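Student: Let me begin by handing over the structure; questions about it come next.
The values are calculated or read from the model by the stated rules, or taken from the named source; none is laboratory data. Quick caveat: nothing in here was measured; it's all calculated off a predicted structure. Ideal geometry is used to build each Cβ from the backbone, glycine not excepted, and the neighbour counts take in all protein chains shown. What goes into the accessible areas is simple: the full protein's heavy atoms, side chains included, and nothing from ligands, DNA or RNA. Shrake-Rupley method; radii C 1.70, N 1.55, O 1.52, S 1.80 Å.
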Amino acid sequence: MVESWSFLDTVESNFRPLVVIELAKGTKEETIEWFTKRIVDKKANGGAQLLIKPLVMENGVENIYLVGASHLRLLLGAETVGLVKECSDNSMRTFTYSSRKTFKDFADDNHNFLTMAECQYIIKHELENLRAKNEKMIPGYPQAKLYPGKSIVRRLLTSGILVQIFPLHDREELKKLRHNWYGRVKVGYQPLDDIRCYFGETIALYFGFLEYFTFALIPMAVIGIPYYVFAWEDYDKYVMFATFNLLWSTVILEVWKRICAILTYRWGTLLMKRQFEEPRPGFHGVLGVNPVTGREEPVYSSLKRQLRIYLVSLPFVCLCLYFSLYVMMIYFDLEQWALDYHKDNESNFSSLMLYVPSIIYAVVIEVMNRIYRYAAEFLTSWENHRLESSYQNHLILKVLVFNFLNCFASLFYIAFVLFDMKLLRQSLATLLITSQILNQFAESLLPYWLQKRYNRRMKKRMCSQKTDRDLSIAEQVNMEKEMGTYLGTFDDYLELFLQFGYVSLFSCVYPLAAVFAVLNNITEIYSDALKMCRVYKRPFAEPTANIGVWQLAFETMSVISVVTNCILIGMSPQVDALFPDSKMDLVLTVALVEHLLLAIKFIMAFVIPDKPRDIQMKLAKLEFESLEALKQQVRAFQMQL
């Protein structure tokens with residue numbers, strides 16, 4: 001790179017606010033002065049070389065700051081974070097400032113070459129990489145210790161000095177996105193490229209998976225409707241539906257991998273190199289030296305962490321699982337009471353009472369899932385994992401194990417212990433429909449209603465103030481800083497995971513499960529779009545190449561569904577009639593078929609490439625060109641010697 005960081009100016013006349021920093025009220029002046037100086041300082045001096053401007057509110061308090069950057073600074077930052085952009089020859093390459101002219105739509109005066117989401121991601125990266133040099137503490141706060149290499153922003157957050165950092169909405173772009181996304185009812189695909197440009201790849205990939213999963217459910221729903229109409233009480237015929245279920249649950253996940261590769265290649269994240277992970281903000285320990293980076297950072301004994309996991313977390317999870325099973329047995333007692341009441345009365349009211357235990361149990365399941373989630377987050381944080389990826393993996397494992405048992409244990413008990421297919425159908429329908437209604441209300445409708453009330457109050461208050469040139473941006477910041485914080489796609493993927501379980505495990509007993517799942521997902525697309533655009537603060541874009549550990553979770557559920565459906569087929573009167581003399585032969589035959597189907601599933605996963613052929617060729621070509629460029633650099637260096 002010919003240009004260096006030193007020539008960048010820290011003042012720009014056309015300041016464009018991108019990110020908001022909110023400090024705690026009463027933050028000491030020396031702290032504010034030190035922090036803002038580090039933000040605008042040159043890179044050579046350990047600063048971020050960004051632009052910052054205080055936002056004076058109506059009460060005169062200056063605890064909110066707007067952060068931006070010059071166009072040139074953002075381009076150099078794009079190279080630092082390794083953004084991948086499309087070249088003029090339609091290939092995807094890692095952006096470098098020296099080769100900027102080779103990229104499609106690049107011009108020195110084109111400030112839209114980088115999307116707003118990419119600009120905000122660059123600023124977030126630079127702020128998080130502001131590190132202490134020789135400071136031993138945050139000025140003005142002796143208790144907030146620092147050491148060389150410590151992230152300043154993370155220390156400010158953990159000390160309570162920094163309240164929040166969030167990216168601003170672009171109101172004009174958001175208005176266009178809302179209109180194209182959910183502003184009108186239409187049959188068609190979501191504007192995934194627009195979603196990606198505004199919210200980033202992680203959120204766009206979730207909506208892409210939600211859309212794909214909804215379309216993948218349609219064949220199950222189409223087959224399920226006539227199956228429900230013509231074979232409702234004929235349980236002998238669920239063999240055919242279960243067989244189709246086996247093939248469906250296997251194929252859709254393999255096809256998704258290819259679609260995911262197509263999307264992420266087009267967005268450039270398939271080529272992005274994984275960055276070295278820094279310690280997560282909540283990680284603590286004795287100050288030591290990282291043997292990889294050579295920097296000072298907290299060090300925590302892995303033995304202590306393992307003891308916490310196996311002596312505290314694991315017993316607690318087991319205790320919660322036992323409590324879940326205990327609640328399940330109470331549910332079956334209620335079911336028996338409702339059945340006895342119906343037998344004694346035989347009325348319309350008693351018929352309705354048959355569904356009351358399942359509805360109550362479904363509500364209890366949702367409440368227990370949410371309470372356990374908070375406990376799991378506390379335990380995982382207490383385990384003190386160094387990396388965010390390790391923290392997320394342990395949290396997901398805890399939550400998935402409990403949610404799986406809590407949601408499906410009663411269905412397994414009814415199917416394989418009670419052998420009551422009628423009760424299984426009733427319980428599955430009630431659990432599925434009730435959980436969908438509760439999730440829609442809790443995740444979208446209630447937050448939207450609360451946010452709408454707050455916006456009305458805020459507009460009235462802002463209109464009563466004197467108008468000045470900063471009123472519009474002040475109004476926007478005031479509204480957005482009080483919005484809820486979007487905590488990521490964890491809950492959204494978890495909801496789809498449980499829905500996939502309801503459909504793939506037992507839907508042959510209740511064929512309309514896929515129909516209700518499709519209807520729920522259609523409304524989910526609109527409600528999730530609504531909450532992203534109207535309820536929550538804009539989240540920072542996070543580049544990603546896939547849906548991460550959730551792919552493994554769905555594949556595991558698919559394997560379990562193969563076993564479940566094979567057992568259901570073996571329990572059917574049709575198959576049972578083929579082995580009138582020996583039940584052992586039936587068990588062995590079902591086990592053999594199950595092993596064969598699992599073998600076919602894994603063979604299909606191996607045979608079907610995760611990436612389409614054309615993308616494989618493009619990736620191979622880029623790798624070859626990179627190796628050739630490296631060879632030329634080595635030759636040039638040898639010739640100089």
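Student: Could you state how much accessible area Leu597 has, in square angstrom rounded to the nearest 10, with a 1.4 Å probe and all protein chains kept in place?
Tutor: Approximately 50 Å² for this residue.
Student: Listed here are the pairs Lys104/Lys124; Lys101/Lys618; Lys85/Lys631; Lys150/Lys618; Lys304/Lys537; Lys101/Lys537; which of them are more than 32 Å apart at the Cα?
Tutor: Lys150/Lys618; Lys304/Lys537; Lys101/Lys537
Student: Going by accessible area, probe 1.4 Å, with all protein chains left in place, what is the ranking of Leu512, Leu339, largest first?
Tutor: Most to least solvent-accessible, the answer reads Leu339, Leu512.
Student: Could you report the chain's accessible area per residue, 1.4 Å probe, as an integer in Å²?
Tutor: On the way: 31980 Å² over 641 residues.
That works out to 50 Å² for each residue.
Student: Against the empirical 2.2 N^0.38 Å scaling, what ratio does the C-alpha Rg of the stretch 502-641 come to?
Tutor: 1.77
Student: Per the 1.4 Å probe, what fraction of the accessible area of the chain, in percent, lies on carbon and sulfur atoms?
Tutor: Working: 19960 of 31980 Å².
Heavy-atom surface of the chain belonging to carbon and sulfur, 1.4 Å probe: 62 percent.
Student: Normalized C-alpha radius of gyration of the chain, against 2.2 N^0.38 Å?
Tutor: With N residues counted in the chain, Rg over 2.2 N^0.38 Å equals 1.11.
Student: Which longest run of the chain has no exposed loop site in it, a site being trypsin sites (Lys or Arg not before Pro) in a DSSP loop with at most 10 other beta carbons within 10 Å, and the site itself not part of the run?
Tutor: With a cap of 10 other Cβ atoms within 10 Å, the longest stretch comes to 275-465.
Student: Turning to a different aspect of this structure: Could you run the Debye sum over the Cα atoms of the stretch 134-212, one equal point scatterer each and no solvent, and tell me log10 of I(q)/I(0) at q = 0.26, 0.27 Å⁻¹, two decimals?
Tutor: -1.20, -1.25
Student: Using alpha carbon centroids, what distance separates the stretch 297-352 and the stretch 596-637, in Å?
Tutor: 46
Student: Determine, from the Cβ-Cβ distance of Ser351 and Val587 and an R0 of 30 Å, the FRET efficiency 1/(1 + (r/R0)^6), rounded to the nearest 0.05.
Tutor: Computed FRET efficiency for Ser351 and Val587: 0.20.
Student: Average the reciprocal distances over every distinct pair of alpha-carbons in the stretch 582-641, invert the result, and give the Kirkwood radius in Å.
Tutor: Values: mean 1/r = 0.0617 Å⁻¹.
When all Cα pairs of the stretch 582-641 are included, the Kirkwood radius is 16.2 Å.
Student: Quick check: the distance between the Cα centres of the stretch 370-424 and the stretch 84-137, to the nearest angstrom?
Tutor: With the stretch 370-424 and the stretch 84-137 each reduced to a Cα centre, they are spaced 40 Å.
Student: Which whole number in µm²/s is D for the stretch 114-266 by Stokes-Einstein, with the Kirkwood Rh taken over Cα pairs at 4 °C and 1.567 mPa s?
Tutor: Values: Rh = 20.4 Å.
D, rounded to a whole number, is 63 µm²/s.
Student: Could you work out the pair-distance distribution P(r) of the stretch 19-168 from its alpha-carbon pairs, with 10 angstrom bin width and percents rounded to whole numbers?
Tutor: Going out from 0 Å in 10 Å bins, the stretch 19-168 shows 10, 38, 29, 16, 7, 0 percent.
Student: Here is a further query. Counting other C-beta atoms within 10 Å, and keeping those with at most 15, which DSSP coil chymotrypsin sites (Phe, Trp or Tyr not before Pro) do you find in the stretch 72-156?
Tutor: The qualifying sites are Tyr97.
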